[in-house]
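One structure is given below, encoded as structure tokens.
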Amino acid sequence: MEKDDSQRWGQQLSQRNILLRVTKAINSNRDLPDLLNFIVKTGAEMLDAEAGSLLLREEDILRFEVAYGEKRGEVKKFIVPLGSGIAGSVAVSGRSTVVNEAGEGSGIFKDIDNKTGFITRNLLCVPLQVDERIVGVLEVLNRRNRDGFDEEDVSLVEGFASQAAVAIERAQLVERRIQAERLEAIGRTVAGLSHCIKNITNALKGGEYIVDKGFRDGNMEAVLRGWRMTKSACERIQDLVLDMLTLSKKREPEYEECDPCLIAAEVAQLIETKARGRNVRVLITSDKEIGMVRVDRKGIFRCLMNLVSNAIDACNDREGIVRIETFPVGEGRSFGFRVTDNGEGIKEENRKKLFHEFFSTKGSKGTGLGLSVTHSIISEHGGSIRCDSEVGKGSTFTVELPTGW
Amino acid sequence: MGNLNGKLVLVVDDEPENIDYISAILDDHHMKTMSANDGKEALKKVKEKTPDIILLDLMMPEQSGMGFFNELKKNEQYKNIPVIIISGASKVTGVDMKALIYDKEFSERKKKITGIDAKPEAYVEKPVDPARLIETIQRFIP
């Protein structure tokens, strides 16, 4: 039965519109599985077909990635060797194929029909091709309301498939890059962690050895020294685990009402012994105008402790002075901490890497996690941290945080 | 195997605890320890009194362990002192220890670029195993 011209024109127009819409949709950024589902669904709907499937090429096989239609759940796991069946042949020849009378000898991969119970009446298979590379094939099965697929169907799906192939290749590239980056990040973490753990284990073994030797030599002073070493190594493990946990997950700060000047005072008090041992004076300036704020008290305490402890380390046995300041910012919506030292300063090249995980200039003492953790906690609060430094003169770290009200 | 009795060992490490540990091991084998916290101090100590062997940590602030090593090997008077590297994960130190000690091609490249034709005698990984440390020192002590 012939269609009249106006009907045919109307159909062509709507198909062109579909193609335009689809091209736009394909080119929006989506991940690979999402994109493949969209392509197969659109391919089938475009031609008013019952089902569709998409196979991607992997070396010398085609793998069913997604299927559309009633039996989609069952068809996904198949693998087709290149050159085998219709899909396998299209993937080799790069030429679209239409089979309108599916029967013995039609080339349809009967295995799949048999396994899924789906009956293929007719089929259109087009290559997904970018330049000379065939990335896969798209199959559209069982056209509704018609005996089979015609020339126009083929050209419509081919137009769509060439757009789809480009999008698939791009999404595959993105996926591979993400995978590579993830592996690299894991590798870096493992290397950094194992380095920290080796250093701590060294201190543990050292403590154990000195305690043993102290007992052997009847030297109680050595026993005590070794025991202190062991205990401090245990503390380092605890800190390392805490830092790793903080970095490993995005957590919500546990907000509570507190006085930032009091946090600063507590930090100064707790760090007193370390400072005195290094001949460093810690001075506090607090602006009481800030009043009470809502922050994760433990988290902010840890940040400030890290910054002050770093500042003392930076003084490196010169007449060190470390200042801790708390100050209001803007019209009471934010407040800040400033930690200033007159230590050795941070070289430009190191300043860029300050907040990178496992970056440390402290030799075996540093885990390279302190500032990463600090940065991460401050970011969770929606705050900011800045470092100004001059080699030979000292450094200033400025933290600004919302008051939380 | 060298006789360890009374030998003078320079231990270069930025961490006093590590020095404490290693000097306890050395003391148990009747060796004497002097120590330095960084490369600069190490060079000063070598000039004051020449050690029989040097145990060197690579991860140190100030002058890196490798910097000190290169300085030492450029000096006619000290270049024959054996050096054993003591280090944690070699990748993080920025020096490929295995290549440095065992890879001929690496040595030739290094010689071309730095003019230094020397490599450490051996390396001992952290955590330090006392028996392995002593066995390694014994192989290189004069």
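Structure above, values below:
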item: Compactness of region A:355-405, expressed as Rg and Dmax over alpha-carbon positions, Å; result: 12.9, 42
item: Distance between modelled label sites at residue A:101 and residue A:34, nm, 7 Å Cα→Cβ extension; result: 4.6 nm
item: Subset of B:44/B:119; A:288/A:393; A:393/B:45; B:98/B:126 violating a 23 Å alpha-carbon distance limit; result: A:288/A:393; A:393/B:45
item: Computed FRET value (nearest 0.05) for residue A:188 with residue A:387, which takes r as the C-beta separation and R₀ as 22 Å; result: 0.50
item: Normalised contact order of region B:1-87, rounded percent, pairs of Cα under 8 Å and 6 or more residues apart; result: 30 percent
item: Net charge of Cβ neighbours under 15 Å - reference residue A:336; Lys, Arg +1; Asp, Glu -1; result: -2
item: Highest to lowest packing among A:324-337, A:277-290, scored as the average C-beta count within 10 Å; result: A:324-337, A:277-290
item: Stokes-Einstein D in µm²/s, Kirkwood radius over Cα pairs - region A:320-402 at 37 °C with 0.692 mPa s viscosity; result: 241 µm²/s
item: Rel. contact order, % - alpha carbon contacts under 8 angstrom, at least six apart, region A:235-387; result: 25 percent
item: Helix B:39-48 axis, angle to chain B major axis (alpha carbon atoms, nearest 10°); result: 60 degrees
item: Residue A:283-residue A:255 pseudo-label distance in nm [points 7 Å out on the Cα-to-Cβ vector]; result: 3.5 nm
item: Equivalent ellipsoid semi-axes, region A:250-314, via Cα gyration tensor eigenvalues times 5, rooted, Å; result: 24, 15, 8
item: Förster radius 30 Å - calculated FRET efficiency between residue B:139 and residue A:232 (Cβ-Cβ, nearest 0.05); result: 0.35
item: Solvent accessible area, Å² - residue A:255, 1.4 Å probe, full protein context; result: 90 Å²
item: Whole-Å semi-axes of region A:178-311's equivalent ellipsoid (Cα gyration tensor); result: 34, 27, 12
item: Where Rh is the Kirkwood radius over Cα pairs, Rg/Rh for region A:157-226; result: 1.67
item: Residue order for A:146, A:323, A:176 - accessible surface, 1.4 angstrom probe, largest first; result: A:176, A:323, A:146
item: Cα pair distances in region A:258-405, grouped into 5 Å bins until the bin that holds the longest one, percent each; result: 2, 10, 20, 23, 21, 14, 7, 2, 0
item: Within-15-Å neighbourhood charge of residue A:270 [Cβ basis; K, R +1; D, E -1]; result: +2
item: Area of residue A:359 that stays accessible when all protein chains are in place (1.4 Å probe, Å², to 10); result: 50 Å²
item: Mean separation of Cα contacts under 8 Å (6+ apart) over length of region A:239-324, as relative contact order %; result: 40 percent
item: All aspartates and glutamates inside 13 Å of residue B:74 as judged from Cα atoms, apart from same-chain residues fewer than 8 positions distant; result: B:117
item: In degrees, nearest ten, helix A:370-380 long axis to first principal axis of chain A (Cα); result: 60 degrees
item: Using a Förster distance of 41 Å, the FRET efficiency for residue A:147-residue A:248 (Cβ separation, nearest 0.05); result: 0.10
item: Probe 1.4 Å, all protein chains present, accessible-area order of B:28, A:341, largest first; result: B:28, A:341
item: Whole-Å semi-axes of the ellipsoid equivalent to chain B (Cα gyration tensor, √5λ, descending); result: 22, 16, 16
item: Residue-averaged beta-carbon neighbours from other chains (10 angstrom radius) around A:206-212; result: 5
item: Net charge contributed by nearby residues that have their C-beta within less than 14 Å of residue B:111 (K/R +1, D/E -1); result: +4
item: Distance between modelled label sites at residue B:47 and residue A:347, nm, 7 Å Cα→Cβ extension; result: 2.2 nm
item: In Å, descending, principal axis extents of the Cα set of the protein assembly as shown; result: 107, 70, 44
item: Region A:131-198 - accessible surface per residue (Å², probe 1.4 Å); result: 55 Å²
item: Cross-link partners of residue A:71 among lysines (Cα-Cα below 26 Å; sequence separation of 8 or more within a chain); result: A:41, A:110, A:115
item: Degrees separating the helix A:5-27 axis from the principal Cα axis of chain A, which is the longest one; result: 20 degrees
item: At 1.567 mPa s and 4 °C, Stokes D of region A:83-232 from Kirkwood alpha-carbon radius, µm² per second; result: 61 µm²/s
item: Relative compactness, region A:280-367, computed as alpha-carbon Rg over 2.2 N^0.38 Å; result: 1.23
item: DSSP-defined antiparallel bridges as percent of all bridges, the protein assembly as shown, nearest 5; result: 70 percent
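The values are calculated or read from the model by the stated rules, or taken from the named source; none is laboratory data. Not measured: the values here are computed from a predicted model. Glycine also receives a Cβ, built like all others from the backbone with ideal geometry; neighbour counts cover every protein chain displayed. Calculation scope for accessible area: heavy atoms of the full protein, side chains included, ligands and nucleic acids excluded. Shrake-Rupley method; radii C 1.70, N 1.55, O 1.52, S 1.80 Å.
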